[in-house]
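Readers should treat all values here as calculations from the given coordinates under stated rules, not as data from a laboratory. Since the model is a prediction, treat every value here as computed from it, not as a measurement. All Cβ positions, glycine included, derive from the backbone under ideal geometry; neighbour counts span all protein chains shown.
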Amino acid sequence: MADVFLSVDEVSKSFGGLTAISNLSFQVPERSIKAVIGPNGAGKSTLFNLITGIDSPSVGQIRLGGRVVNGLKSNRRAAMGMGRTFQTPQIFEGMSVLENVQVGCHLRGRAGWLDALLFTSRSRREEREMHDRCLEILEKVGLSDKANEGAGDLACGELKLLEMARALALSPQLLLLDEFAAGLTRNEAEHMMKLVREIRDDGVTVLLVEHDMHLVMNLSDEIVVLNFGEKIAEGTPEDIQRNERVIEVYLGTEV
Ligand SMILES: Nc1ncnc2c1ncn2[C@@H]1O[C@H](COP(=O)(O)OP(=O)(O)OP(=O)(O)O)[C@@H](O)[C@H]1O
Ligand SMILES: [Mg+2]
């Protein structure tokens with residue numbers, strides 16, 4: 001069995017009197033694609049916020065590669081290899097497509113501020129390498145012909161690809177995708193699905209929240225189902241589609 005890369009251990013999160021996540025445990029094996037699904041208000045976004053460090057659990061632990069990350073800020077988690085995309089793309093509209101990807105690269109750069117200030121050969125070499133790598137990433141997601149265009153001019157599907165490119169620029173080991181297919185056409189969603197598979201095959205562990213069941217069932221190795229903050233099922237897409245509790249509370253007759 002593959003090693004566990006992300007582990008959520010007996011995590012609960014309350015907002016005042018409301019329990020958004022209740023005693024939740026699950027693991028994501030290295031180099032696998034796991035999906036979190038559940039009806040509106042089930043706690044999916046809250047869970048992502050706990051994993052990425054935007055918020056912290058009331059109880060329980062989050063472990064990344066065996067290390068407890070509770071209490072670490074989002075930027076520290078990003079530097080540890082946690083990349084993410086947002087449901088609403090967080091793009092710098094005044095910058096070019098390439099510059100937006102370079103922002104992701106800089107979070108991982110080794111040259112310090114002194115190197116940058118003195119424009120040392122180390123910082124120059126690093127800049128050149130970053131530039132080439134960011135172009136390669138744009139090539140991978142299919143946006144290289146737009147590298148020098150303004151990010152503000154991109155269409156919705158292209159913005160989602162740009163977000164993906166920027167997350168990849170971090171060289172993530174874990175990629176968290178929040179509704180990455182929302183607003184995409186069927187063709188764009190298929191392209192995205194192929195891309196996520198390639199990213200996994202390159203060695204990245206993927207956790208995604210997604211409402212598009214066709215995509216979830218076709219892409220995921222395993223699925224966790226939440227309802228009112230509780231895990232009601234976990235298993236392969238086949239297990240989940242057959243699970244009576246899931247059909248009752250969530251899937252209805254759609255799948
Ligand atoms: N910051 C907050 N303060 C108070 N309550 C919150 C907060 N964030 C989330 N909640 C509540 O926690 C519950 C879970 O919300 P969450 O946004 O995690 O659900 P979700 O599964 O992402 O839903 P959706 O599919 O609609 O995006 C909801 O009842 C929500 O109102
Ligand atoms: Mg949500």
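With label points built 7 Å along Cα→Cβ from the Cα atoms of residue 149 and residue 56, find their separation and express it in nm.
Taking the two extended label points, one gets 4.3 nm.
Express in % the proportion of alpha carbon pairs of region 130-186 at distances exceeding 14 Å.
Working: 883 of 1596 pairs.
Distances greater than 14 Å cover 55 percent of the Cα pairs.
In whole Å, how far is the Cα centre of region 1-48 from that of region 143-218?
So the two Cα centres are separated by 21 Å.
For the chain, with a Gaussian network of springs between Cα atoms less than 10 Å apart, report the residue from 218, 243, 75 with the top mean-square fluctuation.
Greatest mean-square fluctuation among the candidates belongs to 218.
Can you tell me the relative contact order of the chain? Whole percent, Cα pairs under 8 Å, sequence separation 6 or more. Don't skip to the answer; put the middle values down first.
Values: 463 pairs, mean separation 67.7, N = 255.
It rounds to 27 percent for the chain.
What pairs from 160/194; 34/146; 73/140; 13/194; 146/194 go past 22 Å between their alpha carbons?
Numbers: 160/194 14 Å; 34/146 31 Å; 73/140 30 Å; 13/194 34 Å; 146/194 20 Å.
Flagged as over cut-off: 34/146; 73/140; 13/194.
Rounded to whole Å and sorted largest first, list the principal axis extents of the Cα atoms in region 187-248.
33, 25, 20
Kindly provide the Kirkwood hydrodynamic radius of the chain in Å, to one decimal, from all pairs of distinct alpha carbon atoms.
One decimal place: 19.1 Å for the Kirkwood radius.
Which order results if 191, 214 are arranged by neighbouring Cβ count within 10 Å, fewest first?
Exposure proxy ranking, most exposed first: 214, 191.
Please list, in chain and number order, the residues 5+ apart from residue 208 or on another chain whose amide H is under 5 Å from its amide H, with Hs placed from the backbone.
34, 35, 36, 177
Taking only the alpha carbons of region 10-66, what extent do you get along each of the three principal axes, in Å, biggest first?
37, 25, 19
Please order 166, 128 by the number of other Cβ within 10 Å, starting at the fewest. Provide the component values of the computation, followed by the final result.
Numbers: 166 28, 128 10.
Going from least to most buried by this count: 128, 166.
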